[in-house]
Each structure stands twice: as structure tokens, then as C-alpha cells.
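These notes concern the structure reproduced below.
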Amino acid sequence: MTKTLFYIVNGPNLNLLGQREPEIYGHETLAEIEQSCRDWAKKRDIALTTHQTNSEGTLVDHIQAAAKDADALIINPGAYTHTSIALHDALAACKPPKIELHLSNPHAREPFRHRSFASSVVNGVICGFGAHGYILALEAAYGLTHGLTSDLTLGRKS
Ligand code: DQA
């Protein structure tokens, strides 16, 4: 039997975690975060693929790959969250459960961060819990793929 596969996709500037505004995003590097995600996945026998890109088109490519291969997608689209219709459309076309994730809480920050082009086309959003948000997102993805959490998007109108 093939293992359940989760994709974690990180967008622009998240390769700078650890050095980038640590008072907002924390001190953990992306490599450290991805390692804790791999440790989490190993314990639950989940296969994990991780990607980071600074480019919008490549972010779309990763979402399309997740749509084809993954059982669930966890995505931190970085600043493209607030600007990208291409991100919105790629997520809308991606059938597996999707979780939008942010280390910070964009709603408690500048007004331009309050709008998300992702939120209306994902199952749920986790934000404001720093690096631990990735583990919370993995738990959510696990719940959705193992029938422990209801898929409430089924009744959504658009
Ligand atoms: C972010 C929040 C975005 O507003 C910002 O542009 C990022 C990181 C977060 O993880 O808190 O790059 O997605």
C-alpha cells in the first residue's frame, strides 16, 4: 500500500527564516522547521515532500504537482497570499485538502496583509503560532486525510 503523502510548500522569503525579522517570524530556520515536520511525519508513517520558492510561477507549479500527487497540501504562500490571483486559481483547481499557514497573524498586522487570495479556496487557515503552526497544520492534514476531521468545504458555495 502506498503511504499517505503530504506536500509542504513555502513561498517567497521563507528561505530567510531565522534571519528575517525574527521578532515577527521567530528564530527557527526553514531547515529546522522542515526537520521537525519530517520527524512528525516519520512517527505517523506519512511521506512528506517540502518545497520553497521565491517565484510565483514555481509556487503554482508546486500546487499543480500537489494536486496530482499529494493527499494533502500545506502552504505558506508568503506575500503572494495578499497579491496573487494565480495562487487562488491554482488552489481552487487542487482537489486534495489544503491548509493555508502563516507563522505570524496577518490579521494583527498591516491592513495590506488582511486580504488573502488563498483563504476562500482552502479547508482552513492556521496563523499566529510561529513555527509550531507547521505541526498544527500537519495535524489538521492528518485529521482530514484520516477521517478524523470533517471536510466542511463540501457545503461551500464558492
Ligand atoms: C507570512 C505572512 C505574510 O504576510 C508575509 O508576507 C510572509 C510570511 C507568515 O508566515 O507569517 O512572507 O506568510
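At-a-glance table
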read-out	value
Under 24 Å from Lys3, Cα to Cα: lysines that are on another chain or at least 8 residues apart	Lys42, Lys43, Lys68, Lys95, Lys98
Value at 222 nm in deg cm²/dmol, rounded to 500, when DSSP H runs of n ≥ 4 in the chain each add -39,500 (n - 2.57)	-10500 deg cm²/dmol
Cα centroid separation - the stretch 8-83 against the stretch 96-158, whole Å	13 Å
Cut-off under 5 Å, modelled amide H: who pairs with Thr50 long-range	Ile8
Long-range HN-HN contacts of Thr83 with modeled amide H, under 5 Å	Phe117
Note, ³J(HN,Hα) from phi for the stretch 54-69, Karplus 6.51, -1.76, 1.60, rounded to Hz, x at Gly and Pro	9, 10, 5, x, 5, 4, 4, 4, 5, 5, 5, 5, 5, 4, 7, 10
GNM flexibility winner over the chain from Lys68, Lys43, Lys95 (Cα, springs under 10 Å)	Lys43
Per-residue ³J(HN,Hα) for the stretch 28-41, Karplus 6.51 cos²θ - 1.76 cosθ + 1.60, θ = phi - 60°, Hz, x for Gly and Pro	6, 7, 5, 4, 5, 4, 5, 5, 5, 5, 5, 4, 4, 5
Distribution of pairwise C-alpha distances over the stretch 19-90, 10 Å bins, in %	16, 43, 35, 6
Diffusion coefficient, µm² s⁻¹, Stokes-Einstein with Kirkwood Rh over alpha-carbon pairs of the chain at 4 °C and 1.567 mPa s	83 µm²/s
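Every number in this text was worked out from the coordinates using simple rules, so none of it is lab data. Only a predicted model underlies this, so the values are computations on that prediction, with no experimental measurement involved.
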